[in-house]
Amino acid sequence: MIYKTNEYLGYPDRISVPAGEQVKFQLSSKRPKVKVEVLRLRCGDVDANGPGFKYEIMASNIDGEHACLDQPIRPGSNAVIEHDGVLVPAAAHWSFGAYVYPTRIADNPRAVMGNWCQGSGRGYALELDEDGCPVLVLGRVEGGPVRFVLDVKLRERVWAFIACALDFGEASATVSLIVPADGVRPAAAHSQSFALPATLDVDSGLPFLIAAHHLNGDRQYTAHFDGKIEAPRILSRQLDAEQLRVFECGQRTGTTEAGLVAFWDFSDGISTLAIKDISPNCLHGGLHQLPRRGVTGFHWSGAVHDFRLSPREYAAIHFHSDDIYDCQWQTTCALDVPGDWRSGVYALRLTPASGDPDGQCESYVTFFVTPGRQTKRADLVVVASVGTYLAYANSALRLYQVHFETLMEHVLWLPLDDVFMQENPEIGQSTYDCHVDGSGRAYSSWLRPILNMRPRGYWFNLINDTHILDWLEEKGIAYDLITDVELDREGARALVPYRAMMTPTHPEYFSFSMMNAIMAYQNAGGRHISMGGNAFYWRCGFHPAAPAALEVRRGMAGTRTWESEPGEVHLAGTGEPGSLWRHSGFAPQKLVGVGFSAMINDTCGYYLRTAESEDRRVAFIFEGTGRHEKFGDFGFRYNGAVGSEIDRYDLELGTPRHALRIATSEGLGAGALPTPEEFRTVVDGLDGTQNALVRADMVFFETGNGGAVFATGSITYGMSLSHNNYDNNISTITLNVVSRFLDPRPFVMPAGA
C-alpha cells in the first residue's frame, strides 16, 4: 500500500518536553479535519525486513478529531521597523539609500527599502527590477504607482551604493547608482532625474521594511531581496548620492547631523535579531525569518575573519527570499503530557477524520518526551541527536546535487517526500543544501514541518537511532531519553542523574556546551557508550536569539556540500568558529577515542578483534564470543556493522594513550574513501583497499573517578543488533558493555595512564 504522507503537515512548538508539561502542535491540511493519536515509538522503521514498525498508543487529552486549517508557509527574510509615520517623506527633501550586494537578480523586482504595499499601491520604495536596475516606486492617489528606472544594471556579487532623492519643491526625483573602485575596476557613478506627479501617496500606513515589500496590510511580505544590504540611511535634506554614501552618523563621529532621520547600523547586535538605528530617532527594528548576520560587508578588508574583532567590517545582513525560521502557524492542539509517561521518542499520528473516504493518508509529527521533575530516573540515558536531525532536516541533496548518483553508485529514485519538497520548496531545506542564490543554508529550525524526522520518512538518522531503542527494549534494559538540546541548555547537569549515557548512530553536530557537558560527565566518572560513527564532528550552535534554530558554518575542511564565503566561518549567534571540532583542538578522538575517517559508498564491512582485545581490562566485552569471529558481517539494510560513515583511533588527534583498540574493520572496498581532512595531497591509493587510515576502530578506555568509554566507530553498528532475532555477536558484546557500564563497580585507570 502506498501511503500519502504529506496530506497533513505539522511541527511542535518545542522539540522536547518534560513529562508533566505541555507541548503545542501546529498542523496544516487542505482537509478540514484530522484524527490525532499519540504514539511512543520503539522502532520507527516501517521496513518489514527489519524489526518492523513498533509503537505503543498513548491515551492523551488530544485524542480524536480536530479542525485543521490550511496554513501556508511564507519564506523570505527582511527587517521590520515600526515608525509611527516618522519614515514617511514629509519634508521638502528626502534622501535615502544603502549599500547592496545582490546575490541573485531574479525575474521579479526585489525590494531594498521602503514602506511600499503591493496590495494597496501606496507608499514608496527603492528596489531592483528583474534586470538589476535601481527603481524608485511611488504611490499615487489616482492612476496607480509610478516607477522611475535608472537604466544601469547592477552586477551580482559586486558591492554598489544605490540612492534616491526626492525634491518636493522642484517636483523632481533622482535615482543614483555608485559602484566604488575595487582595485580592478575604477569607480563609476550614474544618476537620472525624473518629474514627480502631482498627487503622490507615499504613506502606506505600514511599517518600514528592509529587503521586502508589504504584500498587504496583515504582515505578509513579498519581493524579498536575495543578497547583502548594509547601512541603510534616510535624511530629510538635500544630498547627492555621493554625499549620502559617505555620510557618517553623528554617533560615530561625535557630531550632530541636521536632517538625520534614520541610520541602521547592522554591525551593532550581530548576535541578535534586532537592528539598531543610531540616529536620535532610535527607530530600531527586528528581523523576520532569520537572515544571516556575521557576514562580510562593504568595508571588509580581509584582515580579520571574526566579526567580534572588527564589527564595522561585518555591517551587512544577507537576506534570502527562501529563508525560513518559523512558519508561524496557529496552534491546532495542545498536549498535556502526563507526569507518568516514560521518556522516549513520540509522534502524533495524523489520519483522516471519520467520513473521509481516503484511508491511505498517514502522517507523523515527531517530538521527544524527557523525564519530568517527579520521574524516577533509570541508570542509563540515551541522548537523541536533535542537532544532527536538524542539520539534515528536509535534505534535498538527491534533488539538486549533480554528483549524487556517482557518489551513491546507484540510480536516483525519489520517494514521495522528495517529490513533495521539489513541488513545495517553501518548506525549507537542510544545512547541506543551498539557497536559491547559491549560498549555503546556515540555519535549520524545528518550527516547520520536517519530513525526514518521522516514521514513513527517510530511514537515516532518527529512524536508525530507533533500532537502538528497540534493542534496549528487547533486552529489558531500563533507560531514559533526553536530547542534546538539554545538553546544550543545561550542560553536564542534564547527565548527573545517570551512571551511563549512550549516544546513538550519528551524533555529528555538537555545540560547545554539548561537547563540554559530555567531557565533564566522563571526567566525573560517568560511563559513555558511543554507538555511532561520524560523531562529534561539526562545531555548531543553537542561535541564542532564535533558540529553535541550529546554525552551521562550513569552513576550512570537512565533508561538505558547500563552503562558507571567506571571512564568514564564525557563527553569528555565538561568535564561535563553525568548522570541525578537530580545528578547535577538540577532535572526537579526545572525547571517545575515535573520529571520522571515511565514508562507505559501496559494501559494508565487519570487525576483527586485535591483539589488544586480549587485555584483561576488556575481557568482559567479549564474553560469549569467539576470538576469531567476524563481528557484524551482517545487518539490516546495510549488510554489515561497519558502514556508511566510520571513525578511527588516532593518538596524534587525542585518543588517550591508555585506550585499547580492541577491534578494527575488514572487508572495505574501493568505495570506502577518506574524509578531506584526512589527506593533504591527492595521490593514488586513498580508498579502503589500499589506505590503512580508512577503517573503523572499536575502542575502550577508562576515565577518571571510575568512569569508562566504549566506542564502536560506525554508523551501521546499531543496524546489526536485531539480526537473527537479536541473537548475534554484535548484540552480545553490546549487552556485555551495557551491563558492565551499569554495574556500580568503578573502572580502574591503568598505571601510568
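The values are calculated or read from the model by the stated rules, or taken from the named source; none is laboratory data. Note that the structure is a prediction, hence the values are computed from the model and not measured. Using ideal geometry, Cβ is built from the backbone for each residue, glycine included, and neighbour counts are taken over all protein chains shown.
Here is a yes/no grid of residues against (1) farther than 19 Å from HIS506 by Cβ; (2) surrounded by 15 or more Cβ atoms within 10 Å (Cβ to Cβ):
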position	(1), (2)
PHE631	yes, yes
GLU645	no, yes
THR664	yes, yes
GLU678	no, yes
VAL683	yes, no
GLN690	yes, no
Could you say whether any residue in the range 519-540 is of a type in the set (Ser, Thr, Tyr) and more than 28 Å from ILE600 (Cα to Cα)? yes
Note on the range 593-638: residues farther than 21 Å from ILE468 by Cβ, of a type in the set (Lys, Arg) and part of a loop (DSSP other than H, G, I, E, B) are ARG627, LYS630
Give the range 161-177 a look and list any residue that's surrounded by fewer than 21 Cβ atoms within 10 Å (Cβ to Cβ) and either among the basic types (Lys, Arg) or under 16 Å from ALA241 (Cα atoms) (or both), or say none. ASP167, SER172, THR174
Tell me, please, whether a residue that is in contact (Cβ under 8 Å) with a residue 24 or more places away in the chain and among the β-branched types (Val, Ile, Thr) can be found in the range 236-251. no
I'd like the full set of residues that are among the charged types (D, E, K, R) and not in a helix (DSSP H, G or I), limited to the range 420-463. ASP433, ASP437, ARG441, ARG448, ARG454, ARG456
Filter pass, ILE81 being at pLDDT 95 or above, in contact with a strand residue (DSSP E or B) (Cβ under 6 Å, 6 or more places away or on another chain) and β-branched (Val, Ile, Thr): yes
For GLY286, are the conditions met, namely being at pLDDT 95 or above, surrounded by fewer than 16 Cβ atoms within 10 Å (Cβ to Cβ) and in a strand (DSSP E or B)? yes
So is THR331 in the same structural domain as SER60 (by TED's automatic domain parsing), touching a strand residue (DSSP E or B) at 6+ places or on another chain (Cβ under 8 Å) and in a strand (DSSP E or B) or not? no
Could you tell me how many of the residues in the range 220-251 are surrounded by fewer than 17 Cβ atoms within 10 Å (Cβ to Cβ) and among the aliphatic types (A, V, I, L, M)? 1
In the range 181-201, is there at least one residue being closer than 20 Å to GLN238 by Cβ and crowded, with 22+ Cβ neighbours inside 10 Å? no
Condition broken by GLY259, with the remaining ones in (1) small (Gly, Ala, Ser); (2) surrounded by fewer than 19 Cβ atoms within 10 Å (Cβ to Cβ); (3) within 30 Å of GLU551 (Cβ to Cβ) satisfied: (3)
Filter result (in a strand (DSSP E or B) and surrounded by 21 or more Cβ atoms within 10 Å (Cβ to Cβ)) within the range 1-14: LEU9, GLY10, TYR11, PRO12
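Here is a yes/no grid of residues against (1) in contact with a Gly (Cβ under 7 Å, 6 or more places away or on another chain); (2) among the hydroxyl-bearing types (Ser, Thr, Tyr); (3) under 13 Å from HIS213 (Cβ atoms):
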{"site": "GLN71", "(1), (2), (3)": "no, no, no"}
{"site": "TYR101", "(1), (2), (3)": "yes, yes, no"}
{"site": "ALA106", "(1), (2), (3)": "no, no, no"}
{"site": "PRO109", "(1), (2), (3)": "no, no, yes"}
{"site": "CYS117", "(1), (2), (3)": "yes, no, yes"}
{"site": "ASP131", "(1), (2), (3)": "no, no, no"}
{"site": "VAL141", "(1), (2), (3)": "no, no, no"}
List, please: which pairs have Cβ atoms under 6 Å, are six or more places apart or on different chains, and start with a residue in the range 133-146 that is closer than 27 Å to VAL158 by Cα and not assigned by TED's automatic domain parsing to the domain that holds ALA160 and end with one that is hydrophobic (A, V, I, L, M, F, W, C) and outside any loop (DSSP other than H, G, I, E, B)? none
In the range 631-661, the residues that are without any contact (Cβ under 8 Å) to a residue 60 or more places away in the chain and closer than 30 Å to TYR458 by Cβ: ASP633, ASN639
Show me the strands (runs of 3 or more DSSP E) found entirely inside the range 489-579 where at least 1 residues are more than 23 Å from the chain's Cα centre (by Cα), crowded, with 24+ Cβ neighbours inside 10 Å and modelled with pLDDT of 95 or more. 500-503, 527-530
VAL642 - would you say it is among the β-branched types (Val, Ile, Thr), modelled with pLDDT of 95 or more and more than 22 Å from CYS604 (Cα to Cα)? no
Considering only the range 513-552, state which residues are of a type in the set (Lys, Arg) and either without any contact (Cβ under 8 Å) to a residue 12 or more places away in the chain or within 17 Å of ALA587 (Cα to Cα) (or both). ARG539
Could you list, in sequence order, all residues of the range 188-216 that are in a strand (DSSP E or B) and in contact with a Cys (Cβ under 6 Å, 6 or more places away or on another chain)? HIS214
For the range 290-312, check the following and say yes or no: at least one residue is closer than 30 Å to GLU426 by Cα, of a type in the set (Lys, Arg), in contact (Cβ under 8 Å) with a residue 24 or more places away in the chain and surrounded by 18 or more Cβ atoms within 10 Å (Cβ to Cβ). yes
Looking at VAL682, VAL699, VAL748, can you tell me which residue is at pLDDT 95 or above and either within 33 Å of the chain's Cα centre (by Cα) or not assigned by TED's automatic domain parsing to the domain that holds GLY626 (or both)? VAL699
Please verify whether ALA106 is among the hydrophobic types (A, V, I, L, M, F, W, C), within 19 Å of THR222 (Cβ to Cβ) and at pLDDT below 95, treating the condition exactly as stated. yes
So which strands (runs of 3 or more DSSP E) stay within the range 15-133 end to end and still have 1 or more residues that are of a type in the set (Lys, Arg)? 22-28, 33-43, 54-58, 110-114
Quick test for you: out of ALA106, ALA125, pick the one residue that is within 30 Å of GLY297 (Cβ to Cβ), surrounded by 15 or more Cβ atoms within 10 Å (Cβ to Cβ), in the same structural domain as PHE263 (by TED's automatic domain parsing) and under 29 Å from the mean Cα position of the chain (by Cα). ALA106
Could you figure out which of (1) more than 26 Å from SER644 (Cα to Cα); (2) of a type in the set (Gly, Ala, Ser); (3) buried (at least 21 other Cβ atoms within 10 Å of the Cβ) isn't true of GLY438? (3)
Please state which of the following conditions ARG219 fails to meet, knowing it meets all the rest: (1) modelled with pLDDT of 95 or more; (2) at positive phi; (3) in a loop (DSSP other than H, G, I, E, B); (4) out of contact with any Lys or Arg (no Cβ under 7 Å at 6 or more places or on another chain). (1)
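Per-residue answers, yes or no, for (1) assigned to a strand (DSSP E or B); (2) among the acidic types (Asp, Glu); (3) modelled with pLDDT of 95 or more:
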residue	(1), (2), (3)
ILE234	yes, no, yes
TRP264	yes, no, yes
ASP268	no, yes, yes
ASN281	no, no, yes
